[in-house]
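Visitor: Take this structure, written in structure tokens, and hold onto it; I'll ask about it next.
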Amino acid sequence: MDEIITIEGLTKKYGEKVAVDRLNLSITKGEIFGLLGPNGAGKSTTILMLLGLSEPTDGSVTVCGYNSTKEPIEVKRKVGYLPDQVGFYENRTGLENLLITATLNGQSRAAGKEKALQLLEQVGLTYAANQKTGTYSRGMKQRLGLADVLIKDPEVIILDEPTLGIDPKGVKELLQLIRNLSKENGLTVMLSSHHLHQVQQICDRVGLFVNGQLLAKGTVESLAKQLFGEEGQQIKVSATPITEDIIERIQTLPGVEKLAFDKEEITLLSKEDSTLQQIIDVIISSGSNLTALSQEKVGLDEIYQRYFEGAGER
Ligand SMILES: Nc1ncnc2c1ncn2[C@@H]1O[C@H](COP(=O)(O)OP(=O)(O)OP(=O)(O)O)[C@@H](O)[C@H]1O
């Protein structure tokens, strides 16, 4: 496979604090990779090292065959970076802002204009091309930011929290746009986010970043398996009454994890196929009435709750 980003043993320490801890990751050409993790997990630090803007304490990053630390200028030529807050000349129009970037990147005014107009069309901003960017909404600025990144003709684009502060409809459109741009132009995309549901919509693969370490990586479907085992499932049982004895017997069944209950319902996770039948046996043999039962494969919500909610405080 065509490897475009190679990260090996990448480590960044700020004094005693290990912000990125021996990260290994390969990303192939055309792939959309989501770096997912709570605040402070180390996503931005990783991106800065990838761009050659921060020096690793240990390990290396190679982008398009260039070492980001030793050859940052070459890397910058290949990589477009959209930070979480994009800055534009507010009293210039969207088109003018793109033209400034094109000129700074050595393109002629005519070629730059042609490209800028084409990109404005692609990101759905033709109607606002001659409007000052100071009047743009946050979603419009992010779209213009994408066009601004693409006008450099990068091979890789890195987007830091691209959907921050955008309303749900805008988020959906922006994500779809990123996906289309990547697939149409063979662009490799790395995006960081702490929104699992957003990342899941467009990423080919996701890495779960917690406390500086990549806990798991793979397709969204494979993550549940990696984290919960082949047969992870969530079970919900309703019965009347739910006695302490029932809870204790279910809690000690093999493979049962994370049991929670209220007066009428028990929810739990299990890696064992036989758990459902065993729960039924427990309830019936206790003389209670089973009123509802459901079993679902472990989903991303569960991954999210388990690894991210509160992870920043750990
Ligand atoms: N310049 C710095 N000096 C000291 N510590 C830092 C510095 N930059 C980052 N850190 C620490 O390193 C850790 C990782 O930070 P980083 O910004 O990479 O996380 P993140 O995953 O990008 O979070 P966010 O989503 O909030 O941007 C945090 O604990 C942060 O406080």
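Visitor: Once you have the Cα-Cα distance between I284 and H197, take 0.36 nm times their residue separation minus that, and quote the gain in nm to one decimal.
Guide: 27.5 nm
Visitor: What distance in nm separates the two pseudo spin-label positions at E114 and A292, each 7 Å out from Cα along the beta-carbon direction?
Guide: Taking the simple label geometry, E114 and A292 are separated by 6.2 nm.
Visitor: Students often get this wrong, so check it: of K172/K217; K17/K236; K17/K183, which have C-alpha atoms separated by over 30 Å?
Guide: Checking Cα-Cα distances, K17/K236; K17/K183 exceed 30 Å.
Visitor: Within segment 14-30, name every residue whose backbone N is under 16 Å away from a label modeled 7 Å from Cα of E55 along the Cβ vector.
Guide: 14-15
Visitor: Over the chain, what number does the Rg to Rh ratio reach, with both radii from the alpha-carbon atoms and Rh per Kirkwood?
Guide: Radius of gyration relative to Kirkwood radius: 1.10.
Visitor: Take the alpha carbon atoms of segment 1-66, find their center, do the same for segment 108-146, and report the distance between the two centers in whole angstrom.
Guide: 30
Visitor: Which one of L82, L290, L23 has the biggest mean-square fluctuation once the chain is modelled by GNM with Cα springs under 10 Å?
Guide: Its mean-square fluctuation being the largest, the pick is L290.
Visitor: Another question about this same structure. Order the peptides 43-55, 100-112 from the highest to the lowest mean number of other Cβ atoms within 10 Å of their residues.
Guide: Taking the mean over residues of other Cβ atoms within 10 Å, the ranking is 43-55, 100-112.
Visitor: For every other residue with a beta carbon closer than 15 angstrom to the beta carbon of A129, add +1 if it is Lys or Arg and -1 if Asp or Glu, then tell me the sum.
Guide: +2
Visitor: Ignoring everything except DSSP H segments at least 4 long, calculate the 222 nm mean residue ellipticity for the chain; use -39,500 (n - 2.57) per segment, divide by total residues, nearest 500.
Guide: So the calculated ellipticity at 222 nm is -11000 deg cm²/dmol.
Rule-based calculations on the coordinates, nothing more; no lab input. Keep in mind that what you see is a predicted model, and the values were worked out from it rather than measured. Every residue, glycine among them, receives a Cβ derived from its backbone with ideal geometry; neighbour counts consider all protein chains shown.
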